[in-house]
Amino acid sequence: SKLFAKIARSVPALGLKITDTQAIGNMINSYARYMHMRAAGGALQTIQEDELLFRHMGSLAMQLDASCFDPLSITLFVNSFSRAGIEDERLFRHLSKIAQELPVAEYDGQAVANIAFSFARSNISDPALFRHLSKAAMVIGPESFSVHSVVLIVSATARAEMSDSVLVRKMVELACQMPLDVWKGQACSNLLNGLVRHFEFGNLDPETTEMVFNYMSEVILSTEIYMYEGIYDAHNIAIILNAYARVEKLDARVFEHLSYMAQQMHPDQFDVQSVANIVNAFVKVGVERDVLKYLMEFMSVVTQCFDAADDLFAPQAISNIANAFSRVNMVEDVLFDHLALAALMIPPQEYNPQSIANIVNAYSKFETQNMDISELFNHMSRAALLQPVESLEMQNVANMMNAWGRMTTRDPVLFAHLSKAATRIAVDGFVPDAQAVSNILHAMAVLNLRDDDMLEAIVRTFPGVDHTTCAAQGIANICWSMGVLQIKDPGMLD
């Protein structure tokens, strides 16, 4: 530390006469690595000496002639600044301009991948650079690409939200031509995660999606279940399963294969987010009941290994885990007590509307024997009251009201807040689905908490509701609620 501090203090004395792109690049790359060593696995913190070193080195680089740079040195600069958490937009724009002036012939697959990923990680939008890199990638021969470069290009373009379906298609074709045994879990998870984002942007057509997921299924199945160590870890498995779920690709062989791998792992290999991704994927896609049962039981044990007071538990993770278990009717008192305790440890201001709605919706479906969950609902009420009215969506409002209705717990202050949000949404012309209307009206009727402004707004929008989206019980609940709440509207009844 003393040596690096001394070097950082001496850097401002350096001038162009005693340096070049390679020297600057090597210095900032080493210093960025030192900063991560100094953080010792914790959050990266930048001190004044760090800023001085990078700012001075950046200014030296700006003075160098463009002919001094090649793809490798450009990558080294951008990647080092990004790793150090120091953004110098002026320098990045300068390097981008140089990169765009480099002839396509100077690039290979790895150079395109490195520059694209480094700029994407900097969070500085530069569509012109990505178009230039795309042109280079399209003319480079397949022998120039590796698993690593293909994965980096897919990840970088997804992160930059670049719309280029032709480039994505080429990367998929390259990936599918590679031998099965060159892939490891990290590469599989990164590729699929990037491709799913492209799928959601519209850059990946159904045919290409089917092709790459079929290929990745063969890659995954080529590793024997008992040979997973050194190839797959819990984090990889969680991301892979999440990707399959997001494109609604049910490959029962893959889900079963990965579930057996996961169940061989020690709970220490998991984190809360991995558990949430895994259980949600299995519940969303749907697998054979015994496979689901054994996997969920194992995930329950893993979840209980996390200290409820640990910051590992985030509101969204708790809500996703609780919601997944409740959806498949696999509610264990000991697990839900643990999750409730973790939820109570999180300050109300850290919740968002979706996580609140998911948590109360899951807990309203059962009662634990070991814990009075009214304490949890009071905590969620405080969190909900902190949500700005404009941040609440109709589905959030409906799920929250429905949960309090199921618990037959009157909370007039909370319902007034939720009613205000629902009224605003309905007045703005949003037409809720029939199930949301059923949940809202039924909760108000059960709890005898009538809000005339909200009722008027919902009645006005109801003719536009698609009644075919509501089950028979939902229609019955609406009719019963209209009677209890004395909603006299012939058009709504019709």
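Straight-line reach only, C-alpha to C-alpha below 29 angstrom: list the lysines that K420 could link to, leaving out same-chain residues fewer than 8 apart.
K365, K488
Using +1 on the beta carbon of Lys and Arg, -1 on that of Asp and Glu, and nothing else charged, what's the dipole of segment 22-152 about the Cα centre, debye to 20?
240
Beyond 16 Å, how much of the Cα-Cα pair distribution for segment 310-354 remains, as a whole percent?
Value for segment 310-354: 34 percent of Cα pairs lie more than 16 Å apart.
How large is the convex hull of the C-alpha atoms of segment 406-461 per residue, in Å³?
66
Ignoring everything but the protein chains, give the 1.4 Å probe accessible area of L385 in square angstrom, nearest 10.
70
Which value results when the Cα radius of gyration for segment 205-355 is divided by 2.2 N^0.38 Å?
Taking N as the residue count of segment 205-355, the ratio is 1.06.
Compute the orientation-averaged projected area for segment 269-425 from the convex hull of its Cα atoms and round it to one decimal in nm².
The directionally averaged projection comes out at 9.0 nm².
In what sequence, largest accessible area first, do D453, D271 appear using a 1.4 Å probe?
Largest accessible area first, the list is D453, D271.
Against the longest principal axis of the chain, how steep is helix 21-39, in degrees 0 to 90 to the nearest 10, with axes from Cα atoms?
40
What is the Cα radius of gyration of segment 325-404 over 2.2 N^0.38 Å, N being its residue count?
1.05
Need one number: convex hull volume per residue for segment 1-67, Cα atoms only, in Å³.
Convex hull volume per residue, Cα atoms: 87 Å³.
Checking the cross-link filter: which lysines have an alpha carbon closer than 30 Å to that of K2, excluding same-chain neighbours under 8 positions apart?
K17
For segment 60-140, take the alpha-carbon Rg, divide it by the Kirkwood Rh, and send me Rg/Rh.
My calculation of the ratio gives 0.93.
Cα convex hull of segment 1-155: how many Å³ per residue?
115
If each DSSP helix of 4+ residues adds -39,500 (n - 2.57) and the sum is divided by the residues in the chain, what number results at 222 nm, nearest 500 deg cm²/dmol?
Counting only the DSSP helices, I get -21000 deg cm²/dmol.
Compute the signed sum of charges (Lys and Arg +1, Asp and Glu -1) over the other residues within less than 13 Å, Cβ to Cβ, of S155.
It works out to a net charge of +2.
Pairs of Cα atoms under 8 Å, at least six residues apart: use those to get the relative contact order of the chain, whole percent.
Relative contact order, the chain: 7 percent.
Here are labelled values, [x] 1.05; [y] 0.96; [z] 1.01, and one is the computed Rg/Rh (Cα atoms, Kirkwood Rh) for what I pasted. Which one?
[x]
Using the Kirkwood formula over every pair of different C-alpha atoms, what hydrodynamic radius in Å results for segment 78-187?
14.3
Which lysines, on any chain, are close to K184 with Cα under 27 Å apart, when same-chain ones fewer than 8 places away are left out?
K170, K249, K284
For segment 437-494, I need the span (max minus min coordinate) of the C-alpha atoms along each principal axis, in Å, sorted largest to smallest.
Between the extreme Cα coordinates on each principal axis of segment 437-494 lie 28, 22, 15 Å.
Just the accessible area per residue of the chain, please: how many Å² with a 1.4 Å probe?
46
Out of I359, F69, Q264, whose Cα points farthest toward the positive end of the dipole of the chain (charges: +1 Lys, Arg; -1 Asp, Glu; placed on Cβ)?
About the Cα centre, the residue reaching furthest to the positive side is F69.
Over segment 290-366, what is the relative contact order in whole percent, taking alpha-carbon pairs under 8 Å and six or more residues apart?
43
What is the ratio of the Cα radius of gyration of segment 376-494 to 2.2 N^0.38 Å, where N is its residue count, to two decimals?
That works out to 0.98 for segment 376-494.
Tally up the carbon and sulfur contribution to the accessible surface of the chain as a whole percent, 1.4 Å probe, everything protein left in place.
Summing carbon and sulfur atoms, their accessible area is 52 percent of the total for the chain.
The values are calculated or read from the model by the stated rules, or taken from the named source; none is laboratory data. Being a predicted model, the structure only gives us computed values, none of them experimental. Heads up, the Cβs are rebuilt from the backbone with ideal geometry, glycines too, and the neighbour counts pull from every protein chain shown. The accessibility values were calculated without ligands, DNA or RNA, using every heavy atom of the protein model including side chains. Shrake-Rupley method; radii C 1.70, N 1.55, O 1.52, S 1.80 Å.
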